[in-house]
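J.: If you scroll down you'll find the structure; I have some questions about it.
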Amino acid sequence: MIFLCMIVLSVDAMDVSGKHEVDLDTNIWKLRLHKDGYILGSEYVSDLVERGHNKGHASDQHHKEEDETHNDGEHHHSHVHSHFHTFNKDPEKTVKEVKEALRNHEGCRVFGVLDVERVAGNFHVSIHGLSIIVAQQIFESMKQVNVSHIIHDLSFGPKYPGIHNPLDGTERFLHDESGTFKYYLKIVPTEYKYLKGEAMKTNQFSVTEYFTPLKGHEHNWPAVYFVYDLSPISVTIKEERRSFTHFITRLCAVLGGTFALTGLLDRSMYQIIEFLSKSSKGLVR
């Protein structure tokens, strides 16, 4: 979730192969959030329905779930459930809507799946999909662009048992300042092999984080960048069931350690009692 209104927010991607996409919406959904967290509206991909990826009941079920979500809340708001590109609207109308949303401290939740090439690149959340003229009309200065955010979940591929994604649950809040967050991700290709012999290909990653405060002469709008690169090595994790002989060996080791410790305690207590007995006899004489 990011603390910018959905109307101006875009997800962009670029890699070293020259592929550059602005305001991605192929598998990305954006939820318009009230300052208290409940949903005001959404922008999703209806062209998947048109292409036949989601037919009939799937689309109806999607709308039904969204309606149920709104009915469960204490407040009722009009729900936007059509595919649109805000930045192609009338600029004056866009400016008016965005300023109203900013006054209401609205936020946006971005979720979905982003397909990237197996080369270094980045994807970022920003207002770069907004034209400069419209952006300057909305924000009096770049410091008004608040890129405070919460990362609920970020992964590169399916999850296997015990995986740890270091950015899950990350919270970054800005007060009276703005700037650009950059997360440098080192992606390690990973193969997880189950006991039954099935193998799952996925990825782990490590992260290094930087924050660059906005300076007076800065010309780049604040954003949240995820800069990724692939590791030249790969990791294989294999599930194994320990044999019965291994269990017997460990059991013997535990029993042996227990007897040794018991013997040590017995000798120590005997020496202490003997010393105290000798001391008491010496005092009696």
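J.: Checking Gly197 against (1) on the phi > 0 side of the Ramachandran plot; (2) under 25 Å from the mean Cα position of the chain (by Cα), which single condition isn't satisfied?
T.: (2)
J.: Checking the conditions here, which among Val134, Val116, Val147 is within 17 Å of Ser10 (Cβ to Cβ) and modelled with pLDDT of 85 or more?
T.: Val147
J.: OK, next. If you go through segment 123-154, how many residues are in contact (Cβ under 8 Å) with a residue 12 or more places away in the chain, of a type in the set (S, T, N, Q) and either closer than 30 Å to Lys238 by Cβ or part of a loop (DSSP other than H, G, I, E, B) (or both)?
T.: Selection size over segment 123-154: 3.
J.: What tally of residues in segment 195-221 results from selecting those that are in contact (Cβ under 8 Å) with a residue 12 or more places away in the chain and either of a type in the set (A, V, I, L, M, F, W, C) or part of a loop (DSSP other than H, G, I, E, B) (or both)?
T.: Result for segment 195-221: 9.
J.: Confirm whether Arg242 is of a type in the set (D, E, K, R) and either in a loop (DSSP other than H, G, I, E, B) or under 23 Å from the mean Cα position of the chain (by Cα) (or both).
T.: yes
J.: Let me ask another. What pairs come out if I take residues in segment 239-260 that are without any contact (Cβ under 8 Å) to a residue 60 or more places away in the chain and closer than 30 Å to Ala199 by Cα and pair them with residues that are surrounded by 10 or more Cβ atoms within 10 Å (Cβ to Cβ) and of a type outside the set (Gly, Ala, Ser) whose C-beta lies under 6 Å away, six or more apart or interchain?
T.: Glu239/Tyr194
J.: Could you look through segment 155-180, keep only residues that are part of a loop (DSSP other than H, G, I, E, B) and hydroxyl-bearing (Ser, Thr, Tyr), and pick out the one that is surrounded by the fewest Cβ atoms within 10 Å (Cβ to Cβ)?
T.: Among residues in segment 155-180 that are part of a loop (DSSP other than H, G, I, E, B) and hydroxyl-bearing (Ser, Thr, Tyr), the one surrounded by the fewest Cβ atoms within 10 Å (Cβ to Cβ) is Ser155.
J.: In segment 214-247, how many residues are modelled with pLDDT of 90 or more and either in contact with an Asp or Glu (Cβ under 8 Å, 6 or more places away or on another chain) or β-branched (Val, Ile, Thr) (or both)?
T.: So the answer is 7.
J.: Let me ask another. Only one of Tyr225, Tyr270 is within 19 Å of the chain's Cα centre (by Cα) and outside any loop (DSSP other than H, G, I, E, B). Can you tell me which?
T.: Checking each option against the conditions leaves just Tyr225.
J.: For segment 101-122, what are the residues that are of a type in the set (A, V, I, L, M) and either in a helix (DSSP H, G or I) or farther than 23 Å from Ser155 by Cα (or both)?
T.: Ala101, Leu102
The values are calculated or read from the model by the stated rules, or taken from the named source; none is laboratory data. As the structure is a computational prediction, the values presented were derived from the model and not from experiment. Every residue, glycine among them, receives a Cβ derived from its backbone with ideal geometry; neighbour counts consider all protein chains shown.
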